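These notes concern the structure reproduced below.
No lab work stands behind these numbers, since they all come straight from the coordinates. Bear in mind the structure is a predicted one, so any value in this text is a computation, not a measurement. Note that each Cβ is placed from the backbone with ideal geometry, even for glycine, and that neighbours are counted across all protein chains shown.
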Amino acid sequence: MRIHLFNYYHNGDLFLNEPIVRNLCKNNPEHTFTIFCKYNSYIFKNIPNLTINLQTPYPNGYQFYYFSSDILVINIWIYALSLCENITTFNLSQLECNLPNYIIAFKRMLEYIYVNHQIKINFDDFSEDIYLPIVPDTDVSQFTIWNSIINNINTCRKLVFYYNYSPQSGQNIPVDHDRVIINLAEYFSNYIFIIPKFSEIMRNYINNKDSSNIISCEEQFNCIEDSSCENLCKIQKIIEYCDYSIHYDIGACFYYCNKSTITSKNIPIHISINSFYYNNLTSISLSIKNKTKLLIANNNNEAYLKLKDTIST
């Protein structure tokens with residue numbers, strides 16, 4: 001049978017779909033799979049038995065599955081699954097960014113489809129080894145060449161990656177990124193701070209200095225934003241070379257919860273006003289949870305002081 005998966009939403013939603021789609025394609029070679037998405041298609045790049053389609057042929061509604069001709073259509077947006085609480089027993093707050101619960105709920109829905117339509121779709125039980133997201137390889141040679149030169153000059157200089165993104169789905173972040181980055185860079189003048197891109201404020205700050213230890217990933221390493229979100233995969237590969245990476249409750253920041261993080265040198269720091277996203281996101285892996293530092297902060301000053309203490313070590 002042809003099975004069409006779709007999710008037209010953003011970075012965090014699609015990133016956490018990756019291990020689910022990978023598991024479906026691996027365990028059901030008798031079916032053919034197509035995923036329809038507007039953004040973040042690159043995360044699915046290396047999954048066998050999967051066709052990626054950037055069109056949006058299905059209504060962006062709340063129905064979890066339906067049939068279109070001889071095609072089974074499954075909405076893999078997490079909110080659609082949360083509306084099936086009578087089948088899955090999970091509500092949205094229990095599913096949001098929580099892959100273990102999401103996988104249990106998804107499997108219950110597939111069992112429901114089998115009972116009612118006799119369509120068998122194999123799907124593994126939750127296991128950290130199986131379901132940790134995998135970030136596909138991408139070319140970061142511009143960074144690795146630069147990093148090699150920097151290491152030859154100063155082997156003791158620390159690299160810190162700071163996500164200066166703004167939330168796109170109503171999340172509350174407690175800081176003005178520019179102010180926190182500038183304060184950290186001035187205090188740790190021997191560190192290099194890498195950010196995804198310069199804001200106008202940051203660019204003016206850089207232009208008015210003789211030298212700066214703040215680098216734009218976009219300009220220096222060709223991490224160009226586009227709808228495929230390959231730039232986020234590049235950033236994650238770069239982060240693995242960094243001593244620290246600083247994340248917020250934003251989907252584009254969630255990529256640290258992936259299989260490579262466990263063995264990389266990087267220590268993720270997750271800043272939030274509460275522990276909801278951090279606890280749900282790291283529920284997939286005790287190893288990642290133990291490695292990641294959670295900092296609770298409500299304003300610029302709290303975030304700056306706690307970050308200063310953390311990255312001093």
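Side notes on the structure shown:
- Between PHE67 and THR310, the contour length at 0.36 nm per residue exceeds the Cα-Cα span by 82.3 nm.
- Size of electric dipole in region 60-180: Cβ of Lys, Arg +1 and of Asp, Glu -1, about Cα centre, debye, nearest 20: 240 debye
- You can think of it this way: the chain between ASN49 and ARG157 has 34.5 nm of extra reach, that is 0.36 nm per residue less the Cα-Cα gap.
- Distance between region 250-313 and region 7-46 - C-alpha centres, whole angstrom: 25 Å
- Between GLU128 and THR89, the contour length at 0.36 nm per residue exceeds the Cα-Cα span by 11.9 nm.
- If only the Cβ of Lys and Arg carry +1 and only the Cβ of Asp and Glu carry -1, the dipole of the chain around its Cα centre is close to 380 debye.
- Region 188-313 - percent relative contact order, Cα under 8 Å, separation 6 or more: 16 percent
- Partners for LYS308 among lysines (Cα-Cα distance below 27 Å; same-chain residues under 8 apart left out): LYS158, LYS197, LYS209, LYS234, LYS237, LYS265, LYS289, LYS291, LYS293
- Relative contact order computed over the chain (Cα-Cα under 8 Å; 6+ residues apart), in percent: 18 percent
- Packing rank of 16-22, 203-209, 176-182, 33-39, where each peptide gets the mean count of other beta carbons within 10 Å, highest leading: 16-22, 33-39, 176-182, 203-209
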